[in-house]
Structure formats: structure tokens, C-alpha cells
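Worksheet: one structure, shown below.
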């Protein structure tokens, strides 16, 4: 009974800042008499979301496009990042060899490559997925690399005394130890992934939240634009929350109470 | 830490291998450009890219674009970061605001700040103003959050010291508090330096008459990959320089964090 | 549970040098040591004298620059199937239970886990953690984790057990308790033990012989026989002979460690 009360209380506590935010927003728009084509009020946005999701359902297609592209790109980029990060972390030779490439990738602001990707992959969802993969690669790569290297040396030594091969040591020792760091990288990566998707939708005009915002802003339909932003925020939050939950389940030994 | 994973590496490997990596990179790029793609308008060879870059720089064509991007990026960064820092200090010090405003701002984090770009352009029009505004808004939030977090972290250690000094010494405590939070603040600034370029480029993508981002987009319509590569290279160089500069200042201002005992 | 027959460990004229920023460093020099089967040998020495190098040599993590590490007279080649190791940190896998951690050497070397299950249970019982076999390391205290580490080091019934200051990271009371426990466990399984320690009390209480090492480069300076009767227990700590031997070693130790 108390557990339910705690969870409910926790949820309400999380909700409070958002309620406050909406209240402040409403107050400012009303007090400064902001025209709704520049910044709509909360009820106007709320009505637009309701219309868009429940009544006409016209927002669903865009929401789905963004989710699909972001998810695919995230899985692609994340998977690659974990493989590359693990490989480079387990071999100093490969790490040093790949170092210039890593520095190069890091120094280029990934969004600036978007038109190049368009040139190569064309005006469809493939380009979006590629940009998303590219943009979320780096944080997940870093998380993986740091995590794998951070396996306690004494444990790696233990595996050495058992004459375990490098891959066996990686699988049973380094990788589980890296899990927490990998998840942390993924949480950051999810945020970056959404950025990539939205930016690509801005310039391609393909269906999605980015297109919605861009298109409706151009038509001075700020309500739809802000509605799309809110939905994007929800998407960002859900992704982050799911990742956190997954981390807590899989990396169950971290942050647990110590005995004695 | 790395020693376990490269026990048998010879001494010079730390220098030789990265150099080999550069060579491999250039060679691989060249090979792909010539044998796989075979079309310099889609993928220039390294040499072609540098030539394009050189002609572009020498011809002076890139200067107005580079300056436009720099004004937008650095202008917005200066504005947003300073306001964010000031607001952060203020909010962290006033408990009432700390309890109410800080969580509100944290809740906003879920939405990627790039999403407001089209709306910002509606507000500020096409041109430098909207770029600066976009960068300022993005960096404001990052600096604000990092500053408040830093002040929170500093507060813990200093509450006891405050009690020892007596409550009247608020000025000393506040100055010490700010100093302690600088590590967080500078971490936030490092993030802001990357973010500012990202936001400026996005702004230039959707509505700007000039700037490196605009140039990249325009060159893509002309199927001029060399030009795109050149502009991207300049962007990368600028972003790296800014990041290095901020990192340098970070290490020197917050020097105690990085000294080894 | 009795252990199987044990081999002799010998270090014959072993020297270990390695490269450092300041040039070659000699960690061990002309080091000679014979450990008879089922004997308990402690190694005392000042910091930096090469004790860790010794552990790495015997456990196979390091090869000697000159000389050889021998088992029953034959130089060791490749994997040390016959050596168990316990480090200063318990080094347990945090996502595995105590039981699974004890079975780790079996799993990693590709042997049958099923066949080893009864032995693992018996070992956990021996170290007094039968009731905790399904607990995770974060649910166990530091002393309990070390006990799991000791059980793990014995799972393959090794000839030789190398222990690198296993109790150093624990508080004094747990240390003393575990020291007495270790004596009891050793009596049961009787591996040869090479026990590295900083504690004279541990060295005297546990061993048949105590080796005193010099500072770097490490060499054997003294080889003291401990003639206290076995089995030893808490009372042994209070006997005059114990105090005598401790004082003798303290003297020798102080001479090497200015």
C-alpha cells in the first residue's frame, strides 16, 4: 500500500514542475498579450494536440515518422558504436590507429553533414536514419570505450591467470562492467538522435515532427508548431525514461545498498 | 589503465600508430573516391578537397560566410552563456526560485532545443538576429542548468564553513561558492561551444542568406561536393578551435581540478 | 574434504626487470625459493620490494627475465592450471552470485560446471557462507567477499595458492577473524600457500616458514621456521613462543625497512 503511495507521490512530484511551467507560460502569454501566431497559450496548444491525436488524428502520421526514423537510426548508430567502442577499447593498437578518425568525427558538427547525406542518399527516410545514426554514434561510442576500459584491472588479471582469451575476458568481464556507462551514453545519444531527426526533417520536408514545426511556423500556425514541440518533448522523455528503466533492470548491482 | 590492453606495444607506437592511421584514412578516402564513387562532384579526393578549400580561401569567397557564422555563433554564445550563468547564480542563491524555477527548466530538457528554430525565425525574421537568438536560447538553458548544478554541489561543502565564519560573511561564502562551482560551469561552457555551432548551422539551413551552413546547403543543390567538403572542413576547424580554447581556459581557471598530487 | 596430492613450487634464480621512464628497473634479483607441498609460506617485505611481482610470476601473469618458475622441478609453461590466486581486492563479478563467482574458474576454463557444483557448495560451506550462496557481492560485507574469493581460489583444487595481502583492505577485527578462519580452511585442504603480507601477526600465526625480503631489488634475506604446534587457534596468539617469534621477525623487518 505504501509502495503505491510512494510511486504516486513520486509521479506527482515529477509532474509539479511541468504544471508550474504551464502555469507560468499561460501567465506570461496572457500578461504580455502575446498574439497567438507568435506564441499560443497552453489551452490553445492543448486543444490542438487533442484535435491532432484524438479527433482528426493528423498528428499521428508525423509522430510515427519521427519515432520510426529516430529509433532505426539510434539502433544503427548505437549498435555500431558499441561494436567499434568495444573493439577499440580491447586493443590499444587499434585504438591508436583509429585515433585520427575518431578526432575527425568528433570535430565535425554532425548536423553540417546533413546536406551531404542528402546528396548521397536522396530525399527519403534513409537520409534521416543515416544522420541520426551518425549523430548518436559518438556519445554511445565514448560510453562504451570508457566503460570497457574501466573494468577493474584486478578482475582482468584474474581472467589472465585463468588463461582466458581476450574475447572471453571481454564478454564475461569488460562488457558487463561497461553496461552502466553504455546506458549513460545511450541516454545522451537518444537526445542527440532526436536532434538529428528533426534537423533532417527541417531540410527535407519529409513527414515528421520537424516538418510539422517548420511548415506550420511558415504558415504562422504557431499552435501546431508548439503542439509538435510538446509531442517531441514527450518522445524525448519516454525514450529517456525507458532507457533509465532498462539500465536499472540490467545493471542491477550498481547503486544498490551495501551490506556491512 | 590502457596498459593491460597493449602490453606488448613498442615505445614509439603512441606516435607511429596514429600517424599510420592518418595515412590509412587519407589513402582509404582517396581509394573510395576514385574507385568506388568515381565522381568528384559527389565525393572529391582529399587532394581535390584541399584544392577547393585553398581556392575558396584565396578567392576570399568564404570570408563573408565564415564571418556570418562566427557572428551568429559567438554572438549568441556570449549572450546566452553570460545570461544563463547570471540567472543560474541568482536562482541558486534564492531558495524560493531554486525550488520552483530549476525543476521547471529541468523538465524542459526533454525537448531538443533545435525544434524551436522555425519559431525563432518567425519571431526574429531571416538573418543574423534569429541566428543569435537561437544560439542564445540554447546556450542559456545549458549554462543555467550547469551553473545551478555547480552551485548546489559547492553548497554542500561550504555550509559548515559558513557556520564557522558566521552568517554575516555572506560575501565570502558566495564568492567561494561560485569558485567551487566553476568546474560545472566550464563543463557547461564546453557543451555550449559545440551546441552554438550546431544551432547556428541549423538556423542557416532553414533561413539565412549567408553563413557556412547556408553555403553547405546551397552547394548541395549545385551538386558541388568539393564546396560542401570545404565548408564543412572550415566549420570543423572553427568548432575545434573554440572547443580547445574553452578547454584551455577551463584547465587554467579551474586548475586545481587537474593538478595531480 | 581432503585435497589431492600437491606439487613443489620452486623459483630458481629468478630475476625480473622491467622498463620504466627512468630506465630498466630490477624488481627481483637472483630470487630463490622452494615451497614444499602442503606447506604454508609467508613473505614479509617492505613496500616496493617486489612482492606483487612475485605473485604475478607464480600466477603466470608475468614471465621472469632470467631464471625459471618450476613445478616439481619442471619450468612452468603456459597456463597455470594448478595455481589458485586471491588478490587484495576480492575481485568478484558484481552481477553473479557468490556461488557463480566460486564457479568462475571452472566456467572460464571450459570445464564441466555441473561436475563442480558439489565441490563449490562444499567450499562455500567451508568458508562459512553456505547460507549466502545466492547472494550478490553488493549484499555481502568486505570480509564475506574475501571469503568467497578464497573459496574461488580453491575450486580447482590447486597445488599452490598465492595470496596477495588478501586481508589488507579489511578492518582489524575482520582481519583477525579471517586469519584464524584461513588457518582452519588450510588444515582441511592443505594446498601449498604463498602468502604475501605486511602483517607480522598473520605471518607468524599462519605459516610454517616466513621469508623476509629486502627492498628493491627483492632478494630473500631471512628464512625463519615457525615451530608453533598445529592446529593453531586464538590461544596461540597469546603464547610466549608466539610473542618471541613476532619480536624476532619485527627486528629483522625493521632492519630492512628503514
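Of note:
- Residue in region C:180-188 that is in the same structural domain as residue C:16 (by TED's automatic domain parsing), under 30 Å from residue C:96 (Cα atoms) and in a loop (DSSP other than H, G, I, E, B) present: no
- Selected residue (criterion: modelled with the highest pLDDT) from residues of region B:109-124 that are facing chain A (nearest Cβ under 7 Å) and not in a helix (DSSP H, G or I): B:112
- Residue match in region A:248-257 (condition: touching a helix residue (DSSP H, G or I) at 6+ places or on another chain (Cβ under 7 Å) and assigned to a helix (DSSP H, G or I)): yes
- Just one residue in the set A:182, A:213 is farther than 24 Å from residue A:59 by Cβ, surrounded by 22 or more Cβ atoms within 10 Å (Cβ to Cβ) and touching a helix residue (DSSP H, G or I) at 6+ places or on another chain (Cβ under 6 Å); that residue is A:182.
- Test: residue A:242 is touching a helix residue (DSSP H, G or I) at 6+ places or on another chain (Cβ under 6 Å), modelled with pLDDT of 90 or more, closer than 21 Å to residue A:72 by Cβ and away from chain C (no Cβ under 14 Å): no
- Restricting attention to region A:19-48 and to residues that are touching a residue at least 60 places away in the same chain (Cβ under 8 Å) and part of a loop (DSSP other than H, G, I, E, B), the residue that is surrounded by the most Cβ atoms within 10 Å (Cβ to Cβ) turns out to be A:40.
- Residue list for region C:201-222, restricted to those being at pLDDT 90 or above and either surrounded by fewer than 17 Cβ atoms within 10 Å (Cβ to Cβ) or in a helix (DSSP H, G or I) (or both): C:201, C:202, C:203, C:204, C:205, C:206
- Among the residues of region C:151-172, those that are assigned to a loop (DSSP other than H, G, I, E, B) and under 10 Å from the mean Cα position of the chain (by Cα) comprise C:165, C:166.
- Residue match in region A:86-95 (condition: part of a helix (DSSP H, G or I), over 19 Å from residue A:140 (Cβ atoms) and touching a helix residue (DSSP H, G or I) at 6+ places or on another chain (Cβ under 8 Å)): yes
- Residue within region B:11-23 that is touching a residue at least 40 places away in the same chain (Cβ under 8 Å), farther than 30 Å from residue B:130 by Cβ and part of a helix (DSSP H, G or I) present: no
- Residues within region A:203-239 that are touching a residue at least 40 places away in the same chain (Cβ under 8 Å), over 23 Å from residue A:44 (Cα atoms), more than 8 Å from chain B (Cβ to nearest Cβ) and in a helix (DSSP H, G or I), tallied: 2
- Taken over region C:146-155, the criterion of being touching a helix residue (DSSP H, G or I) at 6+ places or on another chain (Cβ under 6 Å) and either modelled with pLDDT under 90 or surrounded by 24 or more Cβ atoms within 10 Å (Cβ to Cβ) (or both) is satisfied by C:148, C:151, C:152, C:154.
- Scanning region A:146-202 for residues that are without any contact (Cβ under 8 Å) to a residue 24 or more places away in the chain and under 30 Å from residue B:213 (Cα atoms) gives a single hit, A:202.
- Counting only helices (runs of 4 or more DSSP H) that sit wholly inside region B:194-261, those with at least 1 residues that are surrounded by 20 or more Cβ atoms within 10 Å (Cβ to Cβ) and at pLDDT 90 or above are B:212-221, B:225-253.
- In region C:92-108, residue farthest from the other protein chains (Cβ to nearest Cβ) [restricted to those that are in contact (Cβ under 8 Å) with a residue 12 or more places away in the chain, more than 19 Å from residue C:167 (Cβ to Cβ) and not in a loop (DSSP other than H, G, I, E, B)]: C:99
The values are calculated or read from the model by the stated rules, or taken from the named source; none is laboratory data. Everything quoted here is computed from the prediction, not taken from an experiment. Reconstructed Cβ throughout: ideal geometry from the backbone, glycine too, with neighbour counts over all protein chains shown.
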